[in-house]
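Report on the structure given below.
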Amino acid sequence: MIKELYPGVYVHSSHIQKMQSVILADERALYVFDPCYFTSEIEEIREYSRGLETQERERWLILTHSDWDHIAGVHDFAGYKIVVSNSWDEANESKMIDKVEMFDSEFYVDRPWIGKMRRVPIDYRVTDGDSIAGLAFFEAKGHTGDGLVSIYGDIAIVGDYLSDVEFPFIFTSSRDYERTLTKFQEMIEAFGIQTVITQHGPAAVGPAEIQRRIKVSEDYIVRARAFVEEGIRKEWSIEQIVEAGRDFPYEGSPVAMGIRHFHDGNLRLIWKELMQAEE
């Protein structure tokens with residue numbers, strides 16, 4: 001179902017991972033962000049956006065990063081110019097295309113194509129401070145190496161950061177993730193951000209909620225790093241550290257079983273970072 005968050009700002013919530021696809025429409029352009037995931041959902045997003053298309057509006061499709069659940073709908077938007085981060089990770093994209101195929105074949109998801117999904121036909125690569133058709137862009141690394149934040153007025157569309165249903169999933173660098181959180185603070189002040197639309201779970205509305213999400217993300221990373229450091233001091237193996245971290249709390253509760261492997265991965269990545277720093 002597509003809901004209007006604000007005039008001209010529409011959000012579609014997927015049945016998988018509370019994935020949030022976004023449509024923005026103003027006088028000059030129509031923007032679609034991460035249209036996903038199931039075929040019927042992509043068709044709904046496509047049909048809704050088609051109703052907003054005019055001759056005057058340029059058509060843009062923005063990908064917040066290259067993960068599998070964010071790229072599956074790109075080929076349904078012919079005629080839209082595709083924008084990604086200048087750091088777009090083609091190796092990760094290739095792996096994620098395989099993951100789309102794996103998921104679809106396991107759960108019998110039909111697609112308009114047969115076999116493997118084609119690569120993303122990128123039109124523009126943007127970096128910090130670039131702007132296109134009323135959007136300002138900033139790179140956001142840490143979750144992946146190719147995250148992209150889009151600023152639209154006082155709204156920030158941030159990909160998989162600042163989610164209310166996920167702790168930080170850190171795939172590339174905990175230090176980069178912390179730098180991205182600092183960058184969010186700077187963007188909030190510079191642009192007067194009042195709403196953050198994350199790609200998983202509900203938007204953060206208002207400065208207090210935005211700041212709360214930044215703080216809990218920062219706190220998680222600091223505590224996870226301290227936990228791994230303590231394990232290293234005790235001369236635990238990484239497997240012992242991961243096992244001891246199974247009850248690690250996030251917002252007062254243990255990490256949920258279904259996403260615990262992401263927490264395990266965070267501990268392993270932080271352990272690797274700390275061990276490399278000692279060399």
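For segment 67-98, filtered to residues that are of a type in the set (S, T, N, Q) and in a helix (DSSP H, G or I), the residue that is farthest from the chain's Cα centre (by Cα) is SER94. Test MET96 against the stated conditions and say whether it is farther than 16 Å from MET117 by Cβ, crowded, with 16+ Cβ neighbours inside 10 Å and touching an Asp or Glu at 6+ places or on another chain (Cβ under 7 Å). Criteria not met by MET96. Inspection of segment 39-50 identifies at least one residue that is within 21 Å of PHE107 (Cα to Cα), in contact with a helix residue (DSSP H, G or I) (Cβ under 8 Å, 6 or more places away or on another chain), of a type in the set (A, V, I, L, M, F, W, C) and surrounded by fewer than 24 Cβ atoms within 10 Å (Cβ to Cβ).
Tell me, which residue of segment 136-148 that is touching a Lys or Arg at 6+ places or on another chain (Cβ under 9 Å) and touching a residue at least 40 places away in the same chain (Cβ under 8 Å) is surrounded by the most Cβ atoms within 10 Å (Cβ to Cβ)? Top of the filtered list is ALA140.
Just one of the listed residues (VAL126, VAL120) is without any contact (Cβ under 8 Å) to a residue 60 or more places away in the chain, aliphatic (A, V, I, L, M), over 26 Å from GLU41 (Cβ atoms) and touching an Asp or Glu at 6+ places or on another chain (Cβ under 9 Å), and it is VAL126. With the structure loaded, tell me whether ILE114 is at pLDDT 95 or above and hydrophobic (A, V, I, L, M, F, W, C) or whether it fails that test. Judged against the criteria, ILE114 is not a match.
Restricting attention to segment 151-187, the residues that are among the hydroxyl-bearing types (Ser, Thr, Tyr) and touching a helix residue (DSSP H, G or I) at 6+ places or on another chain (Cβ under 7 Å) total 3. One residue stands out among those in segment 224-250 that are in a helix (DSSP H, G or I) and among the charged types (D, E, K, R): the one that is farthest from ASP264 (Cα to Cα), which is ARG233. ARG111 falls short on exactly one of the conditions (1) farther than 13 Å from ASP69 by Cβ; (2) loosely packed, with under 14 Cβ neighbours inside 10 Å; (3) of a type outside the set (Asp, Glu), and that condition is (2).
Take the conditions buried (at least 16 other Cβ atoms within 10 Å of the Cβ), over 23 Å from THR172 (Cβ atoms) and out of contact with any Phe, Trp or Tyr (no Cβ under 7 Å at 6 or more places or on another chain) and apply them to TRP236. Does it pass? Against the criterion (buried (at least 16 other Cβ atoms within 10 Å of the Cβ), over 23 Å from THR172 (Cβ atoms) and out of contact with any Phe, Trp or Tyr (no Cβ under 7 Å at 6 or more places or on another chain)), TRP236 qualifies. Hey, among TYR48, TYR37, which residue is modelled with pLDDT of 95 or more, over 20 Å from SER150 (Cα atoms) and not in a loop (DSSP other than H, G, I, E, B)? From the options TYR48, TYR37, the qualifying one is TYR48.
When segment 1-33 is filtered for residues that are touching a strand residue (DSSP E or B) at 6+ places or on another chain (Cβ under 7 Å) and without any contact (Cβ under 8 Å) to a residue 12 or more places away in the chain, the ones remaining, listed by number, are LYS3, GLU4.
Residues satisfying the criterion are present in segment 73-82 (criterion: surrounded by 16 or more Cβ atoms within 10 Å (Cβ to Cβ) and either touching a His at 6+ places or on another chain (Cβ under 7 Å) or over 20 Å from ARG125 (Cβ atoms) (or both)).
Yes/no per residue for (1) within 18 Å of LEU135 (Cβ to Cβ); (2) buried (at least 16 other Cβ atoms within 10 Å of the Cβ):
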site	(1), (2)
VAL158	yes, yes
TYR161	yes, yes
VAL165	no, no
PHE171	no, yes
ASP176	no, yes
LEU181	no, yes
GLN185	no, no
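Considering every residue within segment 21-43, establish whether at least one is among the polar types (S, T, N, Q) and under 18 Å from the mean Cα position of the chain (by Cα). The answer is yes; a qualifying residue exists. One residue alone among ARG111, ARG175 is touching a residue at least 40 places away in the same chain (Cβ under 8 Å) and either under 20 Å from PHE262 (Cβ atoms) or β-branched (Val, Ile, Thr) (or both), and that residue is ARG175.
The values are calculated or read from the model by the stated rules, or taken from the named source; none is laboratory data. Keep in mind it's a predicted model, so treat the numbers as computed, not measured. Here the Cβ is made from the backbone with ideal geometry for all residues, glycine too, and neighbour counts use every protein chain on show.
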